[in-house]
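To keep things clear, I will list the structure first and then write my remarks on it.
The values are calculated or read from the model by the stated rules, or taken from the named source; none is laboratory data. Predicted model, so just to flag it, every value in this text is computed and none were measured. As a convention, Cβ positions derive from the backbone with ideal geometry for all residues, glycine included, and neighbour counts pool all protein chains shown. Remember, those area values only see protein heavy atoms, side chains included, never the ligands or the DNA or RNA. Shrake-Rupley method; radii C 1.70, N 1.55, O 1.52, S 1.80 Å.
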Amino acid sequence: MAELLFETYGVRSVAFGVDAVFSYKYNQLHGICEKDGLAICPGFTTTHVIPFVDGEPVYKGCCRTNIGGYHITDYLKQLLSLKYPHHMARFTWEKVEDLKMEHCYIAPDYALEAQLFQKGGKEAEDKTRCWQLPWVPLPTEEPPSEEEIARKAAIRERQGQRLREMAEAKRSSRINELENQLHGLEFLLQQLGQVQEEDIPSFLSETGYASKQEIELTLTKVTQSLRKAKGEPKPEQAENEEKADSCTSDKYPLINVPDNMLTPDQLKEKKRQIFLKTTTEGRQRAKQKRVEEELERERKTQQDEERRLENPQLYLEQMHTKYKELYEKIELRKRLKTNGGHTNGSNSGGVGRGERLNAAQRERMRLLTTAAFDRGKGEDTFGAKDEDWQLYKLMGKDNDDDDDGADEDEAELARVSSRLQEIDPTFVPKLEPTASQPTITEVPHVRPLTKEDFQIVLGVERFRCPEILFHPNLVGIDQVGLDEMTGVSIRRLSSKDKALENRLTSSVFMTGGCSLFPGINERLEAGIRMLRPCGSPIKVARALDPVLDAWRGASLYAANSRFHQQTFSRADYYEKGEDWLRRYQVRYTL
């Protein structure tokens, strides 16, 4: 530092002093402390205790601990970040420093204070501080007024009227289109009736139809579509069947004609008619089956609803029981297909070859083994008899006869599950667990954020963080606290004069930013009293301004007329060298 000041910046002279000593000398002028005393300065990163004898510091008796305001702020920041991880970005160094200086205090007895907060109560609540973070409440939906309801109803009515008009226009256009198509087909049939039989193929080739029957079928479909578009009631099913039976001979006239009476072209037409008739009948049967199934479902639903209305509680219990039985039945069937019904005495996931075979696979294995055993003697004559080939049919047959039953059970389980979801709001269907997705047993619930979620509560943190000044081991530093440092400093003095020790403890001076914590003077006095003999005079005083008194004392020292006698000049530096500066010591009493 001296080399930089003298050789680079050309400073004429410089004086080095200790901030705690300047603050002590400044407050000594104002009667806060005496000539003999102890100056305790908890700084930013370290804490020093300096004894004074006859107004001058005795550096041989100094004591230092690597604890300061930086460690208190960092400890508070860590505690708040762990307590409120979702608001970690709010805990900037500057904000935590403000919280420390505004809310932290020194507890008279750390253990009793911690027990007080652990028990809770009115006193602990009074000592708790709350920092409210910016929070915007969720908008509350107010019920609409009568005017708003009427306005929305009018808008919906206008929209519905516009949609009805559009649908009516589309329906009218569709009816006109179908009527035109119907008239065209009827006119085409009239013209076809006037055409001679040998000219029919050439006439139909121009229209795009293959036969008269196709035109009639199209005419029937258009008529049905037109009736549906106009909203006319459908004819009864029996009348349709009678009409279909009566028209079968007209639609398919070649079906009942013997083949020896038909030409080759008519034979081809007969095959086509048979195919069309078979396809049409199959579609009708499938449609009839779907209608019957739908009616059956409606009947079951109606019966279930009647049972539910008679006794809702009993019906709900029965549905839950039925769902549980079906679910267990399906799960058992799946396990049997997977493991073949074997558990090997354990529930572990690893199974052997025999345990992986289902019932059908075991039956095939038995057939193969039996055939190999029977045919393994003498000449191989397998296949000479017709019954030998039945083995392949047996092996190819799926022995899982309950597949249809499994499909019915799964469909019934889906129906019962859907019904339970309608009548029981608390019902959650069971899902099949997978390797990556475990079974979901409950629906996650998300709680909306409230004002309390944006509050930072300072309770034990208020006195726990500054406590490291007296117990540095709380943050992992194995050193003594402020009260024990005073005893160490007194013991390091070469003089063992009891009167001097009493004068030192009767003027304990506190300076530095950390001395602003409320309760630090009382706690330090109590700690020193435990170290000193009974009846020793102890007095702890705090600087007038613990933060700026060091600067004020240095400014008064520099303004003294004899200040230049305590400086280290550039000439001294060039003459005596930088090593002499290590032995340089300023005298604070001028």
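Observations
- Using the Cβ of Leu493 as centre and a radius below 14 Å, the other residues enclosed give a net charge of +1, where K and R count +1 and D and E count -1.
- The distance from the alpha carbon centre of segment 42-105 to that of segment 132-198 is 76 Å, rounded to a whole number.
- Given Lys35/Lys95; Lys95/Lys539; Lys228/Lys277, the pairs whose alpha carbons are separated by over 31 Å: Lys35/Lys95; Lys95/Lys539
- √(5λ) per eigenvalue of the Cα gyration tensor, segment 259-310, largest first, Å: 48, 6, 4
- Of the peptides 500-507, 526-533, the order by per-residue mean of other Cβ atoms within 10 Å, starting with the highest, comes out as 500-507, 526-533.
- Within segment 139-168, the GluC sites (Glu not before Pro) that combine a DSSP coil assignment with at most 11 other C-beta atoms in a 10 angstrom radius are Glu141.
- Loop-located GluC sites (Glu not before Pro) in segment 508-578 (DSSP state not H, G, I, E or B) with no more than 13 neighbouring Cβ atoms inside 10 Å: Glu578.
- Ligands, DNA and RNA left out, the accessible area of segment 259-310 computed with a 1.4 Å probe is 53% carbon and sulfur.
- Rounded accessible area per residue of segment 1-70, 1.4 Å, Å²: 47
- Most to least packed among 550-562, 1-13 [average Cβ atoms within 10 Å]: 550-562, 1-13
- Most tightly packed first, judged by the mean number of other beta-carbon atoms within 10 Å of their residues, the peptides 564-574, 112-122 read 564-574, 112-122.
- Pairs from Lys287/Lys334; Lys127/Lys451; Lys83/Lys451; Lys60/Lys498; Lys170/Lys289 whose Cα-Cα separation, in the structure shown, is over 28 Å: Lys287/Lys334; Lys170/Lys289
- Rg and Dmax over the alpha-carbon atoms of segment 1-158 stand at 29.3, 101 Å.
- Low-density loop positions, trypsin sites (Lys or Arg not before Pro), segment 468-501 - DSSP coil, at most 11 other Cβ in 10 Å: Lys496
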